[in-house]
Amino acid sequence: MSNKDNIRVRFAPSPTGPLHIGGVRTALYNYLFAKKHNGTFILRIEDTDQNRYVEGAEQYIQEALQWFGLDTDEGPDTGGDYGPYRQSERKGLYAKYAVSLVDKGHAYYAFDTPEELDAMRLREQEKGNHSPKYDGSIRMSMRNSLTLDKQESEKLIAENNNVIIRLLIPENEEVVFTDEVRGEVAFNTNELDDKVILKNDGMPTYHLANIVDDHTMAISHVIRGEEWLSSTAHHVLMYRFFGWDRPKFAHLPLIMKPTGKGKLSKRDGAKFGFPVFPLEWRDGEDLYQGFREDGYLSEAVINFLVLLGWNPGDDREMLSLGEMIDAFSLDRIVKSGAKFDIDKSKWFNQQYLINTPTLKLVPIVKELLSNKSVDANDDFINSMIDLMKERVTFIDDFYVKTKFFFNDPDEFDNKIFRKKYKAENASHFQSIFDKLGNLSSWNTDEISGVVKGYVNDNGLKFGEILPIVRVLMTGSMQGPDLFPSMALIGKDKVISRWESSMNSLLQTLDN
Ligand code: GLU
């Protein structure tokens, strides 16, 4: 075996649509656990259900993992000794395992047609059984290899019409296992149905493929969402039936809606106006937002996600991937649902933007601007990022909130102008304007020297001059420090903008 501790974990998504943010968290916890223990992080694509297969979903999953930097040690693209890593490419492997369970008396063939199954459900409902299952109370009244004689069964198996294999669940037994998150979990087998493990087309169902693959891939820990907890009873039984050691299980808490009520769903994204998918996803007419396209840094999303259901054991909130790996342990995963707090994710993004060295942001912002047809050189972008860094939440804000660096404002905060502008100061504004025009070197100190010097020398108040200058330059009261911004905008632009803004604003006073 390839690694020291023999820790082998897998992220096993089904390519039935885009990866939900909860899936990313599952991948992240698996990744952290593997890295912490010098283990192996495996990607396995569970694509046995052809009906639910969605074109592009696997690429989406791979791209999302890549964006987050959750590199796999083994997987469909990475390769590895336990491949193939797509269940559709392992098709031929499963049937013999299902048949071996029949041979051992732990599974049986069933021949019921869809109509017969419907009739059974109806019959049961009429009897007051509201969630009829193919289980111990029912199986002996159905058509299967337990109720038909051997000859007839063999004939039906040979005809292969509606033939499936079901697990034979023992009666009234406690299935007990220890979950690394929840402690001891027990199910009574009377609650369990005789799950289908092999379908008529010879394809395994999730349960069989999952167990066979976890076993043959030597998975040591199954770390997955809470929605799979109830399947685990079946899985534990299957390990016993096969006579295999079972992996350890850890079921992660649900991610809840921002209201705290109910599981976060893909529709919540549109409803609350935030992304629940890592990357954008188009489904026919519907476009689902992605964290990436919404201007989040992948590190910030990871940091936000890791704390949805786990904590490092102290009050640290900002954790690099390396720190997460060091601190990670399954016993600090919580049992209760974790509320998805979008404001917190924005806060993380802000913190990460502030902490990212400007030089690293330059190419990202450059690309953003050039996508918006804004031309700027690296030095300019560098200075602009320094000025804006503390004021942005998303990468996109480097475009959305920086337009005044490039273009004259097309809208003005008239209210503030009306409030602050005094006609008797007109000549002062003219003098400041002239002095700026006469500056031979154009930088923050010179600009500030002119404006502040003039205000002081003439016994004016900053509050009657600076807000006006700001509105002239940016259109509003918001924005980064005024003088360095003016320095960056450049002398020619400042001069021409001053004039045109002043004209527009004075006109509004007349109305
Ligand atoms: N294919 C399952 C899913 O889509 C995997 C569950 C598991 O990890 O066992 O989540």
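Where a number appears in this text, it was derived from the coordinates with a stated rule and is not lab data. Quick caveat, the model's predicted, so the values are computed rather than measured. Ideal geometry is used to build each Cβ from the backbone, glycine not excepted, and the neighbour counts take in all protein chains shown.
A few remarks follow.
- Within the span defined as the range 281-304, every residue fails to be in a loop (DSSP other than H, G, I, E, B) and within 16 Å of A27 (Cα to Cα).
- Considering residues of the range 185-225 that are within 11 Å of the ligand (Cβ to nearest atom) and charged (D, E, K, R) only, the residue nearest to N162 (Cα to Cα): D213
- Test result for P278, surrounded by fewer than 18 Cβ atoms within 10 Å (Cβ to Cβ), under 23 Å from Q350 (Cα atoms) and in contact with a Lys or Arg (Cβ under 8 Å, 6 or more places away or on another chain): no
- Taken over the range 259-275, the criterion of being within 16 Å of the ligand (Cβ to nearest atom) and touching a residue at least 12 places away in the same chain (Cβ under 8 Å) is satisfied by K263, L264, K266.
- Considered as a group, the residues in the range 18-50 that are among the small types (G, A, S) and near the ligand (Cβ under 10 Å from one of its atoms) include one that is surrounded by the most Cβ atoms within 10 Å (Cβ to Cβ), and that residue is G22.
- Taken as a whole, the structure leaves P247 outside the set of residues that are surrounded by 19 or more Cβ atoms within 10 Å (Cβ to Cβ) and either within 30 Å of T393 (Cα to Cα) or in contact with a Lys or Arg (Cβ under 8 Å, 6 or more places away or on another chain) (or both).
- Evaluating D71 against the criteria (1) away from the ligand (no atom under 14 Å from the Cβ); (2) acidic (D, E); (3) farther than 29 Å from F340 by Cα leaves one unmet condition, (3).
- Residues of the range 231-258 that are without any contact (Cβ under 8 Å) to a residue 60 or more places away in the chain and away from the ligand (no atom under 12 Å from the Cβ): A233, Y239, R240, G243, W244, D245.
- Test: residue in the range 129-141 that is touching a strand residue (DSSP E or B) at 6+ places or on another chain (Cβ under 6 Å), crowded, with 17+ Cβ neighbours inside 10 Å, among the basic types (K, R) and touching a residue at least 12 places away in the same chain (Cβ under 8 Å): no
- Some residue of the range 358-379 being polar (S, T, N, Q), in contact (Cβ under 8 Å) with a residue 40 or more places away in the chain and part of a loop (DSSP other than H, G, I, E, B): no
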